[in-house]
Structure formats: structure tokens, C-alpha cells
Amino acid sequence: GIADQRTLAGQQATVASLLRALGDAAAALAADGLLVLTFSGHTVRGDGPIETARWCLFDAGLELSQVAGELARLPHNARIIVICDSCYASAIASVLAGTQEVVVLASCSEDQTTVDRNRSELALRLEQFVISHGARGSLAQLRDLLEDDTPDCERPVVWTNAPSRWSCPITGPPHAFKR
């Protein structure tokens, strides 16, 4: 059921390319469509407010507020999944501006950094969840699996603004889910 997939890596992962891909998605996505946006790389927090944190792309940093602005342009009934595997990963949930229903799966909270590993712990655990639960697992079950036996300094975050649609009791700001 995937209508379009874009991978931006290396020199192709520019600010302009990402903004163009999100703009294309806003124009092409069905009113009740699903957009999955993944980011794996570096995020720079800086000294400013959280919305000025930047995803580091090949040519420059892209402020999270700009990413959130582009996602807000999607159809208002669209569903969005953001998977972020970087330092300060859940910060994107703090700046979302649209009315769309969103799920954020983040490798750590907005005030944490990630441990440099050969393989992403978030990706390994997501794969484990899909294999063991298929399409029947809940976000609460996913959160439990992601958080199980993870160090407090790098706690994954599962966040949503739409519990009724996603059958999940998890709502509120990302920091509300730390154990």
C-alpha cells in the first residue's frame, strides 16, 4: 500500500530536498493518508528554545519548527508517524503545529543524547516489536518494549496526540512518559 517512498541519504539529504519531499507529500497525500517520516542522524540542540533545535543534513541544519510547519501543511485528516533516531529525538513532538494525528517514536527524550552504536537500538527494538506483534500491537506495548532495560540517560519515547484513533492511552508532552 505504499504509494511513494523517498530516501534522502548522503549528498542528497539537503535541506532543500527534504523540504521539497515534504511539500510534495502535502500536495499528493490523500485526505486520510499516512505519512511516515524517519530521521536518523545528528540533531543539534543549541542554546535557544527547543523549536530551534536542528536536524543536521548534508548542507545545513533544518530547525524542527520548519519541519513541524511542513507537516502542518498535510491534509488535516492525515496521519503522521515520525521516527527519529538522534540526540534530542523527541523534541519534534514539542513543536508540532498541525491538527493531524501524530505518533512520534524517538530514540530518546528532548533533553537526552544517544549512545553511539554500530546498530540503532531503536531500530532493533522496532523490528523486534513488528516481528512479535505484527499489526496487532498497541502503542503502550511498543513503549514498554522500547523502554525495557534501557538506561535512564537514553530512554526511548512513544508519544501521540490522538489516543482515540491509535487505541493508545499515551498523550501529553513527551517528557510525561519517562519512568
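The values are calculated or read from the model by the stated rules, or taken from the named source; none is laboratory data. On a predicted model such as this, the values are computed, not experimentally measured, just so you know. Please note: Cβ atoms are built from the backbone with ideal geometry, for glycine as well, and neighbour counts cover all protein chains shown. With ligands, DNA and RNA removed, areas are computed over all heavy atoms of the protein, side chains included. Shrake-Rupley method; radii C 1.70, N 1.55, O 1.52, S 1.80 Å.
Quick notes on this one:
- For D149, solvent-accessible area (1.4 Å; no DNA, RNA or ligand), Å²: 140
- Extending 7 Å from the Cα toward the beta-carbon at both A123 and A21 defines two label points whose distance is 1.4 nm.
- Between V36 and C153, the simple label model (points 7 Å from Cα in the Cβ direction) yields a spacing of 3.2 nm.
- Full extension of the chain between A162 and S138 gives 7.3 nm of extra length, using 0.36 nm per residue less the Cα-Cα distance.
- Cβ-derived FRET efficiency at R0 25 Å, R6 paired with T52, nearest 0.05: 0.45
- In Å², nearest 10: area of H76 left accessible to a 1.4 Å probe: 130
- Alpha-carbon centroids, the stretch 40-56 and the stretch 82-146: separation in whole Å: 17
- Semi-axes of the equivalent ellipsoid for the chain, Cα gyration tensor, largest first, Å: 23, 21, 16
- The listed residues C153, C87, C56, C108, once ranked by accessible area (1.4 Å probe) with the largest placed first, stand as C153, C56, C87, C108.
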